[in-house]
Amino acid sequence: MPLAGDEYVLDVTTELQRAHHPFYLIFCRSVWHHPLRTDAPPLYTEVLFNQVAPDYLEGLVVVLPGGAAPAPGVLRDAALVAALLHRAAALPDAPHPRDLKFLLPKPLLALREPRPQRWASWVAAEWPAASQLAPAAAKAKVLQVLSRWPLFGSSFFAVRRVTGGSAGEWREHVLALNRRGVHLLHPATHETDTHWPYSELISTRKVRSEDGTLFLDVKCGSLLQQRVTRLQAEQAHEVARLVRQYVALQRDHHHHRDDHRDHRDHRDHAHSPTADY
């Protein structure tokens with residue numbers, strides 16, 4: 001589980017060692033406010049690739065409009081990424097059609113169209129260029145291609161949302177947090193059902209019911225008109241933490257931009273010609 005803001009890695013690992021509990025340290029990027037670095041060291045690419053690739057293959061970043069196949073550009077990207085993933089594993093030979101189930105996202109494999117033969121043809125067409133890359137370069141290229149997709153750089157959580165008022169029913173959603181805000185996605189198609197920009201988020205509040213169920217109340221709107229949405233989320237603490245971080249980063253970004261604009265306006269005013277009286 002993620003470390004809390006007031007926890008230190010060495011303190012936690014020391015306690016685990018004393019208790020003889022096995023543990024693993026997994027480093028990942030949880031806030032994707034800044035774009036990918038093009039001058040990054042290999043370890044940076046390795047960490048992000050190992051974080052992004054499983055989510056990609058699971059289909060979390062794939063959107064199926066109306067449950068149908070994505071746009072042709074997305075399919076071309078997926079074929080290219082399949083070839084790059086094969087090369088990223090340091091495999092010298094072209095991928096076999098039977099390898100596609102390890103190289104393509106699950107939702108795309110489940111579609112009736114394109115058929116497996118077409119996928120094999122598309123991936124084969126991308127292989128000559130991909131095969132010329134070193135494995136590390138192939139991993140960097142995967143990140144570059146997927147960074148164009150809307151859900152890239154998201155943290156995903158399974159949540160339930162009540163609909164239809166107090167006597168309504170709970171609906172399953174995938175909650176995606178990224179630099180553009182909070183998104184409630186359809187669990188099968190990943191189309192956006194509800195989107196809250198961080199500028200509209202007023203507060204989040206964690207609530208635990210008598211039976212121990214954890215909820216997150218999300219208050220959105222303006223000072224004049226507000227609404228509260230209740231989400232059932234086992235990882236409500238992590239969701240609330242990420243929301244606070246994104247809100248703080250966006251606030252700092254806006255303040256920095258405003259300060260830069262004020263400085264520029266002051267400079268332009270200082271150099272503007274004055275009239276003689």
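The values are calculated or read from the model by the stated rules, or taken from the named source; none is laboratory data. Computed from a prediction, not measured in an experiment: that's the story for all the values here. Note that we place each Cβ from the backbone using ideal geometry, even for glycine, and neighbour counts take in every protein chain shown.
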Residue 267 vs. criteria in a helix (DSSP H, G or I) and at pLDDT below 65: yes
Residue within the stretch 64-73 that is under 17 Å from the mean Cα position of the chain (by Cα) and of a type outside the set (Phe, Trp, Tyr) present: yes
Matching residues, the stretch 111-150, being touching a residue at least 24 places away in the same chain (Cβ under 8 Å), farther than 22 Å from residue 46 by Cβ and outside any helix (DSSP H, G or I): 111, 113, 114, 150
Exclusive hit being modelled with pLDDT of 95 or more, part of a loop (DSSP other than H, G, I, E, B) and closer than 19 Å to residue 70 by Cβ, set 100, 108, 104: 104
Lone unmet requirement of (1) modelled with pLDDT of 95 or more; (2) loosely packed, with under 13 Cβ neighbours inside 10 Å for residue 80: (2)
Given (1) touching a Lys or Arg at 6+ places or on another chain (Cβ under 9 Å); (2) buried (at least 16 other Cβ atoms within 10 Å of the Cβ); (3) over 21 Å from residue 87 (Cα atoms), index of the condition residue 127 fails: (3)
Pair list, Cβ < 7 Å and 6+ apart or interchain, from the stretch 51-67 residues that are over 13 Å from residue 151 (Cα atoms) to residues that are surrounded by fewer than 20 Cβ atoms within 10 Å (Cβ to Cβ) and among the acidic types (Asp, Glu): 65/191
Residue tally, condition surrounded by 10 or more Cβ atoms within 10 Å (Cβ to Cβ), under 20 Å from residue 178 (Cα atoms) and not basic (Lys, Arg), over the stretch 28-46: 9
Yes/no for residue 99 being among the charged types (D, E, K, R), surrounded by 11 or more Cβ atoms within 10 Å (Cβ to Cβ) and in contact with a His (Cβ under 7 Å, 6 or more places away or on another chain): yes
